[in-house]
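**Student:** Quick one: structure below, then a few questions.
The values are calculated or read from the model by the stated rules, or taken from the named source; none is laboratory data. What you are looking at is a predicted structure, and each value in this text was computed from that prediction instead of being measured. As a convention, Cβ positions derive from the backbone with ideal geometry for all residues, glycine included, and neighbour counts pool all protein chains shown.
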Amino acid sequence: MRLITGDECGLLKECIPELSRKEEDPNAIVKPFTTMTDVRKDGVRRIDPKEQQSRTRGVIDMVPIEMDDEKISVAALRSNGSIEFWNADVKSKRDYGKYSLDSTVQNAFTNIEYDGKVRPLGVGVFEKSTRVCAGDMLGNIAIINAKKGNVVKEYNCYTNSKGRTTISYTPGNNLNTQLATAMACDTINGRVAIGGRERETVLLDLATGGIVFKAKNLPPDPQTLLQQPVWPSSILFLQDSNIMAVGTAYKQVRLYDVREDSRIRRPTACTPEGLLEYRITSLCQVDEHRLVAADSAGEIYDLDMRTMDRNLKRKDNNNVGRFVGPAGSVRQLKKHPTLPRMAVVGLDRMLRVYDTKSRKQLDCIYLKQRLNCVLFGSQDTWELGEPEDHTMDSDQDIDLDDVVEDYIDSDDEEAIRQKHLKDFENASASEDENDDGSKDEEEEDSQSEEDDSEEEEEEEEASENDDASESVEDDDEDDEEDSESEEGDRKRREKKRRRVT
Amino acid sequence: MVKKKPDASLKGKKPMNTAKAGKTTVITRNPGHITNRLKRSEMYGKYLQQKRKSKQEERKQRIRDAEALGEDAQVKKAVPKTLDNTREIEPTLVKQDPEVFADEADDEFARYFQSETPPKVLVTTRPRPSRHLFWFIADLQRLIPALHFYPRKHYSLKEICSFAQNRGFSHLIVLGENAKHCNGMTISHLGSGDGLVGPTAFFKVSNVVTSQNIPNHGASTKHIPELNLHGFGTRLGHRIGRLLGSIFPHDAEFVGRQVATFHNQRDYIFVRHHRYVFEEKKKNEKKKKDDEPEKKLELKDRVKARLQELGPRFTLKLRWLQEGTFDTQFGEYEWIHKRKEMDTTRRRFHL
């Protein structure tokens, strides 16, 4: 597996968890997953080893433009508003990719100087990977041509509806930096969702820049008549792209129906009050009906979308699975395109990879900075050199032939046993008569005699079989086998007898 | 075959498996997995006996070896295993890493460590504090230069953060209390104007001893103390250490000979305030032997430092570290102590 992470100091790193796994000793006592002794440091490499580390160049978000087995193309959005396009050649499945910087867009959001407080929100790809959209905290959306690397259009989602509103930013004033706190891009339909503090999520159509959908809040609390507070802190478009999941800072996850013609603007499902404990920072869809939500204290919840809106008092709603591990806020969750693997990246400086079905932590890699975003490469296999054979060596017995006992049909068992008794009597009788000499001839004679008798018996058997079970088709074959086996048995028994006497 | 009759003395007893009679099973594993209490206690007793026996035998062997070698015997001092020795390897331990240095050169506290901006600290308490807390605050004022006290009244912490920022304070310390003992301390970095607004850390405070209660204590002066941050190893430790260090101005006045120590051991941070004095050892007037020349002592043997404790004495333990100013509702935690997940072994320390 290949993972690309971006951190707040501006470093992009490529991680390959297989290279940094401790070599498993089959006799080792399995240690708890939180210990990381002997982690080899080979698994991590900087994409650009010469770049300067500084917080103004911190990576905010990354999005894959092209992802297949041979080539990866990534757009990274930085804290100073610049977008970099990186290309990598990843043909070899045993080595790190060779990365090269394609182009940079210096300031995607023109007119704004980025200081530490206003910052870009996120990137997304749409229109069949030709366009990249980037959003920032003031609600500006810039659309960039991915190939040429220039800003094509710019919209603002809050000033479009009424022509008169303008948003101005005064440095030092913290209030207007929370106009937009979450962004998600709908790749298929070319829409972008933006939400902020006390501002519900708004869907913009990227071709025209007009508002397509404006989410509506839940009805006010019936007893106090107070409005439910709203603060979307993480937005995700689900795979079928008709449902949008919004995680709020008020510890809720809401699902909205965002089809083109949908008239329902209220959320279709919300998690109940006490289910989640902290502000939701990231969402990820892991299955057809499972959503993973992570919050700002490192708790990662595995929610089933069909049942998540049930009341907490119901007994069957207590089974909210958790992915255990992070000690700090989780900044991003990403799922591998094909494998059941999920990558978790956060403020505790660790990259963790989980198995989505069993919820177990598979890898935990220490990356030295606080991480902001992560991406999976599309490879699912990795060649680690010569695989070590931990299987037991049972090759000693290969030369011995397996002793296979001949198959005797249960119907014929009785008859065969009697036949053997007869043979035994005959053989003993023949031995008594002739001590040495031409035993073979006698055997042949006796065999021929017995063959005749056998044939008679077989005919009898056959008739019996026919009477007994009409549907037995393999009679002839069985008889042949029986005769062979009988002969074989007889020969063996005679051999034994010869040895004995 | 005639069966052997068992011994008359064995009458009534079960026949023994003679193959096993001579051997005793060596219990290598702590028999905690046996669920039957009687059996478990019995096996545990045997286990301890065997352990003791093997230790004695090892000791005897060591003595025998030493006697055999005679004068050449190298005394191998056995190093006892302590929790600090056998600490679990933390991957986040900082080891001369240029990435980490570059990160720290850029972070919220770099300005204070480079003496670009002087810190200005605001201390306040919980609403309606007790008398004991005021004595502690008075001690803190002697420890931390540029400390200003404001009464809490009824304001919420978020409000206090914004008031402090308006008045140019760089740090905020809030003391919590229960039953006349200080039990919590929140240190929040409010930012130095243009710079980054830094993290908030919450510590559990214990063993508070005010200066009056310290035997042979001294009175501190207004000189800026030197800073001693010791034992902060991991990335988290570095961050906390820098947070604590940024409270002090970094142009120490060595004339005052005062030192503020933050010593981290096993996740507990011990805070001490001392005055030091260097003293030289006087030469020995007696000579042991006339032939032996007088040894010239090295500097470290010749000069010793004596300490006099000043100021408060308390211990801190980190509970959580959060991004941004105090905002437990919507803030992001960089590190939060989760007892069930993190306290799985005794040998794991986070700072």
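**Student:** So, in segment B:222-238, how many residues would count as being in a loop (DSSP other than H, G, I, E, B) and within 20 Å of residue B:310 (Cβ to Cβ)?
**Tutor:** Total meeting the criteria: 4.
**Student:** Within segment B:167-220, track down each residue that is acidic (Asp, Glu) and under 22 Å from residue B:323 (Cα atoms).
**Tutor:** B:194
**Student:** Please find, within segment B:185-219, the residue that is farthest from residue B:311 (Cα to Cα) out of those that are modelled with pLDDT of 90 or more and among the hydroxyl-bearing types (Ser, Thr, Tyr).
**Tutor:** Taking the candidates together, the pick is B:200.
**Student:** Of the residues B:241, B:198, B:176, which single one is in a strand (DSSP E or B), small (Gly, Ala, Ser) and touching a strand residue (DSSP E or B) at 6+ places or on another chain (Cβ under 8 Å)?
**Tutor:** On inspection, the qualifying residue turns out to be B:176.
**Student:** Taking segment B:89-105 on its own, how many of its residues are farther than 12 Å from residue B:233 by Cβ, at the interface with another protein chain (Cβ under 7 Å from one of its Cβ atoms) and part of a loop (DSSP other than H, G, I, E, B)?
**Tutor:** 1
**Student:** Now a separate question. Residue B:91 is checked against (1) in contact with a Phe, Trp or Tyr (Cβ under 9 Å, 6 or more places away or on another chain); (2) closer than 30 Å to residue B:192 by Cβ and fails just one. What number does that condition carry?
**Tutor:** With respect to (1) in contact with a Phe, Trp or Tyr (Cβ under 9 Å, 6 or more places away or on another chain); (2) closer than 30 Å to residue B:192 by Cβ, residue B:91 is out only on (2).
**Student:** Quick one: residue B:327 ticks every box in (1) among the acidic types (Asp, Glu); (2) part of a helix (DSSP H, G or I); (3) within 12 Å of chain A (Cβ to nearest Cβ) bar one, so which box is it?
**Tutor:** The number of the failed condition is (2).
**Student:** For segment A:330-350, name all the residues that are away from chain B (no Cβ under 12 Å), of a type in the set (A, V, I, L, M, F, W, C) and either over 16 Å from residue A:370 (Cβ atoms) or more than 10 Å from the chain's Cα centre (by Cα) (or both).
**Tutor:** Answer for segment A:330-350, where residues must be away from chain B (no Cβ under 12 Å), of a type in the set (A, V, I, L, M, F, W, C) and either over 16 Å from residue A:370 (Cβ atoms) or more than 10 Å from the chain's Cα centre (by Cα) (or both): A:333, A:339, A:342, A:344, A:345.
**Student:** Got at least one residue in segment A:15-24 being at pLDDT 80 or above and either within 9 Å of chain B (Cβ to nearest Cβ) or under 25 Å from residue B:341 (Cβ atoms) (or both)?
**Tutor:** Yes, there is a match, as at least one residue in segment A:15-24 is at pLDDT 80 or above and either within 9 Å of chain B (Cβ to nearest Cβ) or under 25 Å from residue B:341 (Cβ atoms) (or both).
**Student:** Among the residues of segment A:250-285 satisfying the criterion of being at pLDDT 90 or above and among the hydrophobic types (A, V, I, L, M, F, W, C), which is nearest to residue A:335 (Cα to Cα)?
**Tutor:** A:284
**Student:** Taking only segment A:279-290 into account, find how many residues are within 14 Å of chain B (Cβ to nearest Cβ) and either surrounded by fewer than 15 Cβ atoms within 10 Å (Cβ to Cβ) or not in a loop (DSSP other than H, G, I, E, B) (or both).
**Tutor:** Total meeting the criteria: 3.
Here's the yes/no breakdown for (1) away from chain B (no Cβ under 14 Å); (2) farther than 18 Å from residue A:218 by Cβ; (3) in contact (Cβ under 8 Å) with a residue 12 or more places away in the chain; (4) not acidic (Asp, Glu):
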{"residue": "A:259", "(1), (2), (3), (4)": "yes, yes, yes, yes"}
{"residue": "A:264", "(1), (2), (3), (4)": "yes, no, no, yes"}
{"residue": "A:267", "(1), (2), (3), (4)": "yes, no, yes, yes"}
{"residue": "A:274", "(1), (2), (3), (4)": "yes, no, yes, yes"}
{"residue": "A:277", "(1), (2), (3), (4)": "no, yes, yes, no"}
{"residue": "A:292", "(1), (2), (3), (4)": "yes, yes, yes, yes"}
{"residue": "A:295", "(1), (2), (3), (4)": "no, yes, yes, no"}
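**Student:** Which numbered condition trips up residue A:366, out of (1) surrounded by fewer than 24 Cβ atoms within 10 Å (Cβ to Cβ); (2) more than 9 Å from chain B (Cβ to nearest Cβ)?
**Tutor:** All conditions pass for residue A:366, except number (2).
**Student:** Right, something else. Looking at this structure, is residue B:164 more than 23 Å from the chain's Cα centre (by Cα), surrounded by fewer than 21 Cβ atoms within 10 Å (Cβ to Cβ) and at pLDDT below 95?
**Tutor:** So residue B:164 does not fit the description; no.
**Student:** Can I ask one more? Output the residue which, of all residues in segment A:70-109 that are among the aromatic types (Phe, Trp, Tyr) and assigned to a strand (DSSP E or B), is farthest from residue A:136 (Cα to Cα).
**Tutor:** A:99
**Student:** Would you mind finding the one in B:35, B:82, B:92 that is surrounded by fewer than 12 Cβ atoms within 10 Å (Cβ to Cβ) and under 26 Å from residue B:348 (Cα atoms)?
**Tutor:** On inspection, the qualifying residue turns out to be B:82.
**Student:** Further, regarding this structure: Restricting attention to segment A:27-72, which residues are touching a Ser or Thr at 6+ places or on another chain (Cβ under 8 Å), within 13 Å of another protein chain (Cβ to nearest Cβ) and modelled with pLDDT of 80 or more?
**Tutor:** Result: A:55, A:56, A:57, A:58.
**Student:** Can you tell me which residue is surrounded by the most Cβ atoms within 10 Å (Cβ to Cβ) among those in segment B:117-159 that are charged (D, E, K, R) and touching a residue at least 40 places away in the same chain (Cβ under 8 Å)?
**Tutor:** Residue satisfying both the conditions and the ranking: B:139.
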